[in-house]
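Please read the structure below before turning to the comments.
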Amino acid sequence: MDKERQTIRDATDRAVLEALDVDPRMTILAIAQRTGLARGTVQARLERYERENGLRDHSVRIDPAALGMGISAHVAAELDQHKIDIAVDGLRAIPEIIECLAPAGETDLLCRVVARDPDDLYRVSEEIRLCPGILRTRTSMFLRQPIPYRMGPLLAKIAR
């Protein structure tokens, strides 16, 4: 692992990050009280995490269903390899795309999308398919989320 991404160095790092996993909006004072650390220590660690890109950009995880977007899916896109930048620019303009990854393997881009209902998902999938540089898409709708986004178990494993 390169130096820029080595954010978990000791038990103090783990304690601060576990507190943020429980409540990403927790104040420095609340983290200090929860972990038993000095406020200055917590502040210094948070500044290092931000500097080294170990934290997301001041993000709060919002359940898309709370916004009326109860359908969640992945749309896999195959690209014209000479037009990847144009395709990504087109995808960036679609607000229902909440994440886009470039995996290894057959799929060029994998977009996590949200929609109001199946008809809306069809509309979003078509917007993606019609982006310049996209040759074909495959959509897989998620039926449920048996394990929600979490970091606690990973933090605990890394600390061992």
0 to 90° range, to nearest 10: angle between helix 39-51 axis and the chain longest Cα axis: 30
Would you kindly work out the equivalent ellipsoid of region 114-160 from its C-alpha gyration tensor and give its semi-axes, the square roots of five times the eigenvalues, largest first in whole Å? 34, 16, 8
Go through (1) 1.40; (2) 0.98; (3) 1.27 and flag the label whose value is the computed Cα Rg over 2.2 N^0.38 Å for this structure. (3)
Sum of -39500 (n - 2.57) over DSSP H runs of 4+, divided by residues of the chain (222 nm, nearest 500): -11500 deg cm²/dmol
So if I place +1 on the C-beta of Lys and Arg and -1 on the C-beta of Asp and Glu, and nothing else carries charge, what would the dipole magnitude of region 64-142 be about its Cα centre? I want it in debye, nearest 20. 60
Taking region 64-142, the equivalent ellipsoid from its C-alpha gyration tensor has semi-axes in Å, biggest first, of 21, 12, 11
Unit charges at the beta carbon, dipole of the chain: most positive-side option, G36, Q81, I71: G36
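Only the coordinates and a few stated rules stand behind these numbers; no lab work does. A quick note: this is a predicted structure, and the numbers were derived from the prediction, not measured. Here the Cβ is made from the backbone with ideal geometry for all residues, glycine too, and neighbour counts use every protein chain on show.
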